């Protein structure tokens, strides 16, 4: 099967969307599908496609224009041209605002089945932006099928477009890469973490991920014990001012931000964390949370978005209400003070991911949807041809 996978981000771009789209593209290719990834690149000549092969996947990187609509118009034209050279069986867009919309629009234009995948911010925030909302809504309306990474997002998609077919396909993480290992002792020494309780976070730390909830909780815990916030992935540029203000107001608090690392190198970093904390205000189904669970770390998360899909409170981790600083402090204190609880939650979390959130299950579900949509389109096309010949 020939699959056109459109995505707003693809490695070396940072972030969960890039990680997920690469994981799924590689998984489809490993199962024998022919996958073209259509991605926009900030570098390169505007409107020019640079083609490369990576892990059995053909990546078509389109150089971005200064104006987003010019980039989108070129992306549409390039997709149509590729299809006419060698037809695609399905068009699959990740993130509704741009790629999902383009896949649905091009699919309707070409008569090819389309899949639009909601990831999180598209239905949590972008649909409330007057400039982006029309694209989100039209993607939901035009796509042959919509997928969501969590039941919460699926419910939002259905509320916005009751006629849409919506399927839940959760993220998966590779438990062979993300597994319990020994901590990076040199990093432990270099960062001055010895003898300190370490709260961990992975990915870009920012307001949506609970930055303004986590910082006051950290300050509260720092009054009773030596504690460090280890942000593996750094702080988003827009939120650096908030972090710097917090540092000035709380010079006694230890906060360490690491630059992004290759996923294959993250397990020893997760091993440094006494507890992984993910206090999102809103979210899809965060890869970082699943990674930490797969590494056997006890997790404390907010009951936001898809987090409760992965974490059953008191079984696989602890959940608190989004935005509740006091509840977050209590939950973190419970895990830090009770080693048996931490070990039990860590072991249960890893088993939960191994059982229910694997890349193999994720890819199988997408492949099944691709084939189902393509078969339905073929039947419909054959029926139309038969009626026309009578």
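Here residue 278 meets each of (1) surrounded by fewer than 24 Cβ atoms within 10 Å (Cβ to Cβ); (2) in contact (Cβ under 8 Å) with a residue 40 or more places away in the chain with one exception, condition (1). Among the residues of the stretch 311-330, those identified as in a helix (DSSP H, G or I) and surrounded by fewer than 23 Cβ atoms within 10 Å (Cβ to Cβ) are 325, 326, 327, 329, 330.
For the stretch 59-74, filtered to residues that are under 24 Å from the mean Cα position of the chain (by Cα) and over 17 Å from residue 18 (Cβ atoms), the residue that is surrounded by the fewest Cβ atoms within 10 Å (Cβ to Cβ) is 68. Looking across the stretch 216-243, the residues that are buried (at least 22 other Cβ atoms within 10 Å of the Cβ) and assigned to a helix (DSSP H, G or I) come down to 217, 218.
When residues of the stretch 42-83 are filtered for being in contact with a helix residue (DSSP H, G or I) (Cβ under 7 Å, 6 or more places away or on another chain) and not in a strand (DSSP E or B), how many remain? Residues that pass the stated criteria total 11. Just checking, does the stretch 7-17 include any residue being without any contact (Cβ under 8 Å) to a residue 60 or more places away in the chain, surrounded by fewer than 22 Cβ atoms within 10 Å (Cβ to Cβ) and over 27 Å from residue 153 (Cβ atoms)? Looking through the stretch 7-17, none of the residues is without any contact (Cβ under 8 Å) to a residue 60 or more places away in the chain, surrounded by fewer than 22 Cβ atoms within 10 Å (Cβ to Cβ) and over 27 Å from residue 153 (Cβ atoms). Close Cβ contacts (under 6 Å, 6 or more residues apart or on different chains) running from residues in the stretch 253-271 that are closer than 14 Å to residue 14 by Cβ to residues that are modelled with pLDDT under 85 comprise 260/14.
The values are calculated or read from the model by the stated rules, or taken from the named source; none is laboratory data. Every value quoted in this text rests on a predicted model; they were computed, and no experiment measured them. As a convention, Cβ positions derive from the backbone with ideal geometry for all residues, glycine included, and neighbour counts pool all protein chains shown.
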